[in-house]
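Written below as structure tokens is the structure these notes are about.
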Amino acid sequence: MDLLSGIQATQGALDAQRTRLDVIAQNIANAHTTRGPDGKAYQRRTVSFENELIAAHQNGLSTVRVSEIGVDRTPGQQVRDPGHPDADEQGIVTLSNVNIAREMVDLITASRAYEANLSVAKNSRQMALKTIRIGK
């Protein structure tokens with residue numbers, strides 16, 4: 001495997017994890033949104049990954065890419081709060097289905113995956129620089 005294809009594979013993984021971090025941040029930011037543009041409570045977003053072969057090489061090298069940003073259709077909790085502006089006729093408010101604890105775990109996992117891929121890219125760069133020095 002040459003160094004450039006390894007960096008290309010790592011770049012795909014970095015992009016995928018960055019997207020995942022963005023979606024998690026969006027979920028956390030909207031955790032208490034009870035009415036969005038559609039008039040309903042915010043629904044948690046999820047990121048799905050898929051394997052992608054790097055077409056330029058025939059050595060079977062692959063990377064990860066985002067295949068879909070989906071919506072978690074799990075219903076949000078319903079609470080009775082007649083004074084809430086988003087309460088229905090019975091005084092019931094439907095909350096977002098975002099669970100902050102789950103999002104924080106996902107955030108830590110995505111951050112560590114991003115850091116690991118960044119470390120791979122840095123090490124590949126250092127190896128390439130050392131290879132150039134050997135040739136001199």
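The values are calculated or read from the model by the stated rules, or taken from the named source; none is laboratory data. What you are looking at is a predicted structure, and each value in this text was computed from that prediction instead of being measured. Heads up, the Cβs are rebuilt from the backbone with ideal geometry, glycines too, and the neighbour counts pull from every protein chain shown.
Here are the numbers for this structure:
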| quantity | calculated |
| --- | --- |
| Matching residues, segment 80-103, being within 18 Å of ASP22 (Cβ to Cβ), part of a helix (DSSP H, G or I) and either in contact (Cβ under 8 Å) with a residue 60 or more places away in the chain or over 14 Å from the mean Cα position of the chain (by Cα) (or both) | ILE100, GLU103 |
| Flag for ARG44 being of a type outside the set (Val, Ile, Thr) and closer than 27 Å to ALA121 by Cβ | no |
| Count of residues meeting criterion [in a loop (DSSP other than H, G, I, E, B) and exposed (fewer than 11 other Cβ atoms within 10 Å of the Cβ)] in segment 60-73 | 2 |
| Flag if THR63 is farther than 27 Å from ARG125 by Cβ, of a type in the set (Ser, Thr, Tyr) and free of Cβ contacts under 8 Å to residues at least 60 places away in the same chain | no |
| Whichever residue in segment 20-53 is among the hydroxyl-bearing types (Ser, Thr, Tyr) and in contact with an Asp or Glu (Cβ under 8 Å, 6 or more places away or on another chain) and, among such residues, is farthest from ASN97 (Cα to Cα) | SER48 |
| Residues within segment 21-48 that are farther than 27 Å from PRO85 by Cα and surrounded by fewer than 16 Cβ atoms within 10 Å (Cβ to Cβ), tallied | 3 |
| Residue match in segment 16-30 (condition: in a loop (DSSP other than H, G, I, E, B), more than 13 Å from the chain's Cα centre (by Cα) and either at pLDDT 95 or above or not β-branched (Val, Ile, Thr) (or both)) | yes |
| Single condition ALA110 does not satisfy, out of (1) without any contact (Cβ under 8 Å) to a residue 60 or more places away in the chain; (2) within 30 Å of ALA9 (Cα to Cα) | (1) |
